Amino acid sequence: MSAPLTPCPPPNPDPSLPARRPPAGACDAHCHIYGPFARFPLPDDRSFTPSEVPETALRALHERMGISRAILVQSQGHGFDHRPLLDALEREPARYRGVALIRPDTSDAEIRTYDRAGICGVRFSFLSHLGGAPDLEAVAAAARRVAGLGWHVAIHVTGTDIARYRDFISGLPTRVVIDHMARPDIRQDLAPVREALFRLLDTGRVWVKLSGADRLSHAGPPYEDVVPYARSLLDHAPERALWGSDWPHVNLSGPMPDDGTLVDFVDHIAITPALKQRLLVENPETFFGFPASRNDNLSG
């Protein structure tokens, strides 16, 4: 696939500060890095062209937002070249975990290298602009390969597909996380998507990322039209929900979101200090294997 000549716009260069600083040990469970391109050039067969936003830019954002941990998700921008991800994990092993992309020809030695570096999951996208649905047997085979390492499988689907793939997802031999709340059209009847997600969450092996509010919203910031849906997922399975910024917001039409507003979105769905602590700190520690943080002040 030919990459577009015009790169995705860069993220907001001057995001607002969150109205309330996240608790100590807060984790951004879904973000990406791209570059530096002088060291890590983009592949010719990429499906989109991201702006150059390396790990140093992400770290600066997180320090401003009060976030001390993050999950770096490999995306189609760098394709199967994991060097930027591995470089970040090597330099900040306490701060980051990673999610990889693998192919059938990815060797066991490569997977073991990824595991030692701090990668703990593999992602598959079912979205048309990212290549469309992968072969389900290839997904199942990859899950079997990484199950013994304790990795999870991240699934990126749209709301119309979550019910279609529900039985397949529940049959995978790993823990599974559903990215971006399964990306439903929130203007439509959400009952089928909710029902499919609730049944998956009830297996005890499936988690959901309450990320991508800016992608789901039709009203725009502060994304109030997404709050009821996101809150329903958190209320249903508070112990199996994660939050992520989705920075730097590639392939997004319209203005770049204010990342401070996305952090503030958490306060609209996690409406008690204890629930916010669980969503931002305790659940990521459980799911990604970060050491436990101590937070004696749950005032918000």
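Rule-based calculations on the coordinates, nothing more; no lab input. Note that the structure is predicted; figures quoted are calculated from it, not measured. Quick reminder, even Gly has a Cβ in these numbers, built from the backbone with ideal geometry, and neighbours come from all protein chains shown.
Annotations
- Rounded if a/c under 1.5, otherwise prolate or oblate - the chain, Cα gyration tensor axes: rounded
- For region 253-267, backbone phi angles converted through the Karplus equation (6.51, -1.76, 1.60; θ = phi - 60°) give residue-by-residue couplings of 7, x, x, 5, x, 7, 5, x, 5, 5, 5, 4, 4, 4, 5 Hz, Gly and Pro being listed as x.
- Label-to-label distance, R103 versus R164, with points set 7 angstrom from Cα along the beta-carbon direction: 2.5 nm.
- Between the amide H of A154 and those of V122, R123, F124, V177, distances stay under 5 Å, these residues lying 5 or more places away or on another chain, with hydrogens modeled in the peptide plane.
- Using θ = phi - 60° and Karplus 6.51 cos²θ - 1.76 cosθ + 1.60, couplings along region 236-241 (whole Hz; Gly, Pro as x): 6, 9, x, 8, 10, 10
- Placing +1 on the Cβ of every Lys and Arg and -1 on the Cβ of every Asp and Glu, with no other charges, gives region 4-158 a dipole of roughly 560 debye about its Cα centre.
- Amide hydrogen neighbours beyond the local backbone of N251, cut-off 5 Å, H modeled: none
- Positive-end residue, region 27-288 charge dipole about Cα centroid, Cβ charges, pick of S170, T272, P248: S170
- Estimated dipole of region 27-288 in Debye, rounded to 20 [Cβ of Lys and Arg +1, of Asp and Glu -1, Cα centre]: 520 debye
- When the trypsin sites (Lys or Arg not before Pro) in region 140-234 are filtered for DSSP coil states and for at most 10 other beta-carbon atoms within 10 Å of their beta-carbon, the remaining sites are R187.
- Region 250-294 - charge dipole about Cα centre, Lys and Arg +1 at Cβ, Asp and Glu -1, debye rounded to 20: 200 debye
- Shown is the FRET efficiency for F198 and S253, computed with R0 = 30 Å from the Cβ-Cβ distance and rounded to the nearest 0.05: 0.50.
- Phi angles of region 61-72 translate, via the Karplus equation with coefficients 6.51, -1.76, 1.60 and θ = phi - 60°, into HN-Hα couplings of 4, 5, 5, 5, 7, x, 10, 10, 9, 7, 10, 8 Hz per residue; Gly and Pro are given as x.
- Computed lengthening from E239 to A138, 0.36 nm per intervening residue step minus Cα-Cα distance: 33.4 nm
- For region 11-89, trypsin sites (Lys or Arg not before Pro) are listed when DSSP marks them as loop and at most 10 other Cβ atoms sit within 10 Å of their Cβ; the list is R39.
- Extension gain, E90 back to D225 (0.36 nm per residue minus Cα-Cα distance, nm): 44.7 nm
- Gaussian network model of the chain, springs between alpha carbon atoms under 10 Å - residue of D264, D14, D214 with greatest fluctuation: D14
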